[in-house]
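The values are calculated or read from the model by the stated rules, or taken from the named source; none is laboratory data. What you are looking at is a predicted structure, and each value in this text was computed from that prediction instead of being measured. Counting neighbours? That spans all protein chains shown, and the Cβs are built from the backbone with ideal geometry, glycine included. Remember, those area values only see protein heavy atoms, side chains included, never the ligands or the DNA or RNA. Shrake-Rupley method; radii C 1.70, N 1.55, O 1.52, S 1.80 Å.
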Protein chains: 2
Amino acid sequence: MPKSKDLLASLQRTEQQLQVFQKISRFMVREMSLPEVLQGIVTLVVEFMACDSCLLYLIDKNELVLCASNNPHPAEIGKIRLRRDEGLTGWVANQRRLLALSMEAYKDPRFKSFRDLPEDSFEAFLSAPVIARNRVVGVINVQHRAPHQHTGSEMELLTTVGEQVGCALVLARMTPDMVEAASHVDLVLASGPATPVRT
Amino acid sequence: MPKSKDLLASLQRTEQQLQVFQKISRFMVREMSLPEVLQGIVTLVVEFMACDSCLLYLIDKNELVLCASNNPHPAEIGKIRLRRDEGLTGWVANQRRLLALSMEAYKDPRFKSFRDLPEDSFEAFLSAPVIARNRVVGVINVQHRAPHQHTGSEMELLTTVGEQVGCALVLARMTPDMVEAASHVDLVLASGPATPVRT
């Protein structure tokens with residue numbers, strides 16, 4: 001049996017992780033604008049990870065565009081654009097894989113400095129694709145100034161956050177009125193019977 | 001400091017709850033049909049709650065229509081229809097509130113028997129609204145044959161599941177091609193700057 005102290009720490013961490021998802025879920029059903037939802041998600045990630053930076057990029061044709069950030073540089077939102085195939089962020093978008101570098105992220109051969117962001121000199125880098133309806137539509141990056149060994153919980157959390165951001169993007173396209181007018185029942189019944197799903 | 005045995009049990013339960021959300025999130029980004037997603041969610045709820053029944057109703061005009069169930073009675077999907085203002089399920093839809101009855105649910109003054117479902121004689125009843133873009137679009141019910149005191153985790157879980165089902169319904173309206181063609185960046189930037197959000 002593990003020690004009470006260790007169990008209590010694990011329990012608190014798992015409860016925090018659960019609260020992040022419950023709060024994201026609440027954002028998605030509230031009447032919030034999309035920038036507010038994205039900003040809210042970034043804030044939750046920063047609180048959970050105790051990281052120095054969280055940047056959210058979305059794909060626009062062949063570019064990745066900065067769309068939300070924990071740091072108050074609003075002038076850069078929509079302005080910082082990376083080529084889709086460049087740098088660590090581009091690698092994550094193209095490979096659709098989580099990337100975790102615990103130190104010297106800037107020495108990775110895939111790294112590309114853009115000289116516009118202080119984050120380019122940070123040591124630790126964790127990045128997950130943003131997925132909507134099975135397509136990569138962006139990337140979310142978490143960075144620590146100092147070296148940081150990412151835990152399994154942190155990697156799991158960012159993976160799921162990437163999926164939930166994708167859901168939030170699609171949801172924002174449908175107004176509350178459209179939701180009310182739509183017949184969800186027809187949509188379910190028209191799709192035919194469900195086949196069993198492995199969970 | 002609580003006992004190790006109790007802490008370990010709490011930790012395992014919290015981890016299970018977290019896994020339910022991670023699996024639902026994975027359903028929402030996969031290429032699955034809507035009935036498969038709803039069926040998958042119902043199965044996860046039954047596993048977590050160890051309940052005897054999980055029924056999902058969606059609103060169609062003034063009715064609540066059975067759209068997914070853990071019990072293999074596919075003939076009843078789309079056939080069982082309740083009036084929106086009747087019974088415990090109608091109460092939850094109209095009040096937009098969680099309802100938890102630990103025993104003798106059938107004696108509640110709001111109860112209405114439909115004689116079509118064995119669930120009408122079950123003791124314990126837990127029910128949450130399904131919410132999409134801040135509108136009630138359905139109800140999800142969990143029932144135990146025997147009396148059952150619902151825990152805070154169970155109530156929390158069903159509340160969030162109701163929100164995630166609402167998201168899944170909206171997501172299903174957008175095909176992967178539409179997601180790919182859509183410019184999420186324009187959508188974010190057109191909405192103006194984000195204001196700080198309390199988390």
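Below, the figures for the structure above:
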quantity	calculated
Spatially proximal lysines relative to B:Lys5 (Cα-Cα < 25 Å; intrachain offsets below 8 disregarded)	A:Lys3, A:Lys5
In Å², nearest 10: area of A:Met178 left accessible to a 1.4 Å probe	90 Å²
Segment B:Arg81-B:Ser4, length gained on full extension (0.36 nm per residue, minus Cα span)	22.9 nm
Relative contact order of region A:1-144, pairs being alpha-carbon contacts under 8 Å that are 6 or more residues apart, as %	20 percent
Long pairs among B:Lys23/B:Lys61; A:Lys79/A:Lys107; A:Lys61/A:Lys112; B:Lys61/B:Lys112; B:Lys79/B:Lys112, criterion Cα-Cα beyond 29 Å	B:Lys23/B:Lys61
Value in Å of the Kirkwood radius, where region A:1-82 supplies the Cα pairs that are averaged	14.7 Å
Share of carbon and sulfur in the accessible heavy-atom surface of chain A [1.4 Å probe, %]	50 percent
Within chain B, longest stretch free of exposed GluC sites (Glu not before Pro) [DSSP loop, at most 13 other beta carbons within 10 Å]	B:105-199
Overall dimensions of the protein assembly as shown by Cα: Rg and Dmax, Å	22.1, 70
Per residue value of the accessible surface for region A:44-165 (all protein chains in place, 1.4 Å probe), Å²	42 Å²
Summed buried accessible area for A+B [probe radius 1.4 Å, Å², rounded to 100]	7100 Å²
